[in-house]
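Scroll down for the structure; my scribbles are underneath it.
The values are calculated or read from the model by the stated rules, or taken from the named source; none is laboratory data. Small disclaimer: the values here were computed from a predicted structure and weren't measured. All Cβ positions, even for glycine, are placed from backbone atoms using ideal geometry, and neighbour counts span all protein chains on display.
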Amino acid sequence: MTAQEVRLCGLLLQEHFGDVVEKVGTHLIRSGVLTLRALAHETKLPLDLVKKSLCVLMQHGMCAFGAGRRGPAGPVEYHIICERILHMLRYPRYIYTAKSLYGDTGELIVEEILQRGQMTMSSTVKTVADRLTHNMPEGQSMDYSEVVSAFSRLVETHFLQRCPPLASAESSSSGEVNTPLPAVTKHTEPEDHPECYKLPYINLTGQGKRRRSSEDGEAEQRAAKKAKTDNSERGDEGIYWQVNFQRFHLHFRDQAIINAVSCKLDQTSGEIVRTMLRMSEVTTSAHAAFTQALSANEIFRALPSSYNIARPILDQYLTLLVDDPMEFVGKTGDSGGGMYVVNLHRALANLARATLESVVQERFGSRSARIFRLLLRKRHLEQKQVEDFAMVPAKEAKDMLYTLLSENLVQLQEIPKTPDYAPSRTFYLYTVNQLPTARLLLQRCYKTVGNLIERRLYETKENKRLLEKSQRIEAILASLQATGAEAEQLTEVEEMITAPERQQLESLRHHINKLDSSENQVDETIFLLESYINSTQAPR
Amino acid sequence: MAGRGRGQLTFSVEIVGIGKGENLPPSSVQPTPLFPPLDQKPVPLQTGEEAEYMLALKQEFRGAMKTLPFYIRPAAPKKDVERYSDKYQKIETSDHSLEWKPDWRRFPKELRVREKRPLRDKSPAVPKQPKQPRVDKEEIIRKLETLEQKEEDGSSDEEEGEKKKPQEEEAEGEEEYDEEEFEDETDYIMSYFDNGEEFGGDSDENVDEAIY
C-alpha cells in the first residue's frame, strides 16, 4: 500500500463511515494484520467502538478475518482488503451501468446492495419494491415478482454473486466455541464455491408498501424487526448476496474497447467488436489475454439484424480491424472463413499508452507529446536522434526532454563503451518504459482524487454556517408548505437568506459539483490504468 | 556531484547536450510554488446527461450513507458539568447499534458488543415474572412435603424454611411489606407506632416517679 493509496482509503472511509472507522481502517492498513486487542490498544479507542467498526468493515467486504499466526487456537486476526475500499470511488458508475442494462429496478437493487454491503435476496426485494412504490403515483404499487425477475437477471449475468461461506459454517456442533477458522493466507474466491450463482427458492409474494409520512419512525422499527423474523420464513436465511465487482470491471473494459474502436474506425466496426465480445462473454475467463477464436461465419450469424451488413463487407471490416496498428482484433486461422480473436491485453496496453500520451500532451504541449510518442515507439534514442526524428529545434528539444526527465516520465539509460564508465565514452539514451510510467501516473491519480476530496471537505467546512442556515430554512419551508401556508409567509421565509448569501451558496454548490464530477472522471483514468497494470501481472 | 561548479562535473556536459557558454536556467534554491502557473489550461470536464446523472448518484449515495447505521460517530465526550445548553443542543442518541445486527454466524464471536446498562435494568424485571409462577409451584410442592415431614423433624422444617427464604424473599418480601403497611390503611408503618400499651406497664414498678 503506497502512501497515496492509504491516504485516499482514509478519506473514503471517513466520508462513508465516519471518523471512528477511518481511524481503525487506516491503522489496520498500515499495520497489515492485527488482533482485536492489539488494534484497540494501538488506536486508543474504546473496545466497543473498535468492535463495531470491524463489523461494519466486514459487512462491506473490506475487512477479512482468519486464524492468526498461533493457529486456530489463538486470537483472530484481521486485515483490510484495500482495493475494495478504492472501489467505493466507482460506486456511481456501477449503479449507472446497472440502470442502463436493467432499468430502474436493477439500479435500485445494486444501489441497495452497495449501501448495505451484503443482503439476502428477500430483504433486497422488499426494500426495492417499497422504494419503487414510494416514487410511483398514488394507488399503484410495485409487485415483488418484477423485482425478483430483475434480481434473477442480475445473478444470471453474474453481476451479483453469493457471499462466500465461511469454513466455520460447516461445523455442525453448536456447543463448540472454537470453530475452525479459515487461515489468513488462504484466499478463497467467491467463485470457488459451486453454488455461487444459484438462486435460492424463496416464497415471496406481495407488493411494495407505500410508507406514510405520519407513521415514519415507529413503522420503520416495526418493519425492521418484522423483516428479521420474516427472513426465517422466506427460506433464504443465511444466503447473502454481494456485488461482483470483477464482472462490472470486465463490462467496463469491453465498453472501453468498443468505444476506442468506434472512435478510431467507425460505428460499424464498433458493432462488430461488440458482437464478438458478447459472443465470447461466457467462454472467456477474467484474466484471459484474448477471447476464444470466433469464425467469420459465426460472427456473421450473430450480428444484429438491424445493421444489415453483407458477408463480403463484414470480411472487409474484419481485415481492416486486423490490419489496424492498434491490434484490437487478430486473425488466428483460416477455417470457417477466418478465425478472429479480440486481443484483450494488447487492447488494454494500447488504451493505457493512449492515456499516457494524452496526459503528456495536455500537460506539456503537443511537441513534447511528439517526443514522448517517438520514445515510446523507438525505445532508446540519443539526444541528437530525438531532435532529428521529432523535427524539433535542438534547444527546445533539450528543454522539453529535461522537463519530462524531471517529471520522471522519461528515463536516462547509460551504455558504456569502456568498462570504466568514462562519461566521454558512454552513450546516454533517453527511454520511456510504459509499465513503470503507468504506475507512476496511477499514483498521481490517487493523489489527485485525495486532493479533490480534501478540497471539497475544506469548502464545505468553510461555509458550514451558511449551509446549515439554508438547510434549516428549507426545512421550515417544507413544513410550511405541508401545512398549507400563504404565499406571503413563504416569501418571508425565503427572504431570510439575503441575496449575497444566495450567491455564495450558488457558487459553493457549483464548486462542489465540479469537484465531484472531477472525481468521477479521474476514476475513469484510474480504472484504465489499474486494468492495464493488473493484466501485466501473472494471474494468482 | 555538481556542487563545485560546472567545470568539475564527472562527465562532459556536451554529451548530454549542453554546449559551451550556453545559458542554463538559474538553479532553484527554494521549493516549487504550491500552485505553479500552468502553461496549458486543463481540458474542461465532461458534461452531458451521463456525467450529471453520475454526479447526482454520487451525492445521493454519500448522503444516504450518513443516515445508515454503518456511519459510526465517535463517543460523545464526557461532560464535566451539566450545562443548561445541553437541553437545546442536539444529543444524538446512539440507538443505531440496535438498528443493525450482523449475522453472527458469519462474524467472529469476539466482536459481539455486550448489551449496555439501560437494558440490564429492564432485564431483571423480565425474568422475575416467569420466576414467580415457578417459585409458586415449587412452594406448593415443598409445602406439601414439609407438611408430610412436619411430624418427623422439627429442626428440618426450620432448615427448609431457611432454604425457602432466599427464594421466597423476593417474592414475599413485597407481600410482607404490604401486609405491614395496609393493615390499618394508614400511611404509617405499624411497627413505628407506639400505641401506649407499654406506658401503663412501666409505671407499676416505680411509683415514686412523677408521671408527666
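Here are a few things to note about the model shown:
- Positions within the stretch B:20-45 being at pLDDT below 85 and surrounded by 10 or more Cβ atoms within 10 Å (Cβ to Cβ), in sequence order: B:E22, B:Q40
- Among the residues of the stretch B:46-72, those that are assigned to a loop (DSSP other than H, G, I, E, B) and loosely packed, with under 13 Cβ neighbours inside 10 Å comprise B:T47, B:G48.
- The residues listed here are A:L351, A:L409, A:L404, A:L356; of these, the one that is under 31 Å from the mean Cα position of the chain (by Cα), part of a loop (DSSP other than H, G, I, E, B) and either within 14 Å of another protein chain (Cβ to nearest Cβ) or not charged (D, E, K, R) (or both) is A:L409.
- Any chance A:S149 is in contact (Cβ under 8 Å) with a residue 24 or more places away in the chain and more than 28 Å from B:K66 (Cα to Cα): no
- Unmet requirement for A:L8, which otherwise passes all of (1) surrounded by 15 or more Cβ atoms within 10 Å (Cβ to Cβ); (2) part of a helix (DSSP H, G or I); (3) of a type outside the set (V, I, T); (4) modelled with pLDDT under 95: (4)
- Residue within the stretch B:64-77 that is more than 11 Å from every other protein chain (Cβ to nearest Cβ) and modelled with pLDDT under 80 present: yes
- Tally, over the stretch A:4-34, of residues that are facing chain B (nearest Cβ under 9 Å) and more than 27 Å from B:F61 (Cβ to Cβ): 0
- Hits in the stretch A:366-405 - residues which are in contact with an Asp or Glu (Cβ under 8 Å, 6 or more places away or on another chain) and free of Cβ contacts under 8 Å to residues at least 12 places away in the same chain: A:P393, A:A394
- Flag: A:G61 matches the condition of being touching a helix residue (DSSP H, G or I) at 6+ places or on another chain (Cβ under 6 Å) and either at the interface with chain B (Cβ under 8 Å from one of its Cβ atoms) or assigned to a loop (DSSP other than H, G, I, E, B) (or both).
- Yes/no for A:E506 being more than 12 Å from every other protein chain (Cβ to nearest Cβ), within 18 Å of A:K464 (Cα to Cα), exposed (fewer than 15 other Cβ atoms within 10 Å of the Cβ) and of a type outside the set (F, W, Y): yes
- Comparison of A:L344, A:L321 shows that the only residue that is closer than 18 Å to A:E281 by Cα and in contact (Cβ under 8 Å) with a residue 60 or more places away in the chain is A:L344.
- Scope the stretch A:412-433; condition more than 12 Å from chain B (Cβ to nearest Cβ) and farther than 15 Å from A:E382 by Cβ; matching residues: A:T418, A:P419, A:N433
- Any chance A:T268 is β-branched (V, I, T), assigned to a helix (DSSP H, G or I) and surrounded by 19 or more Cβ atoms within 10 Å (Cβ to Cβ): no
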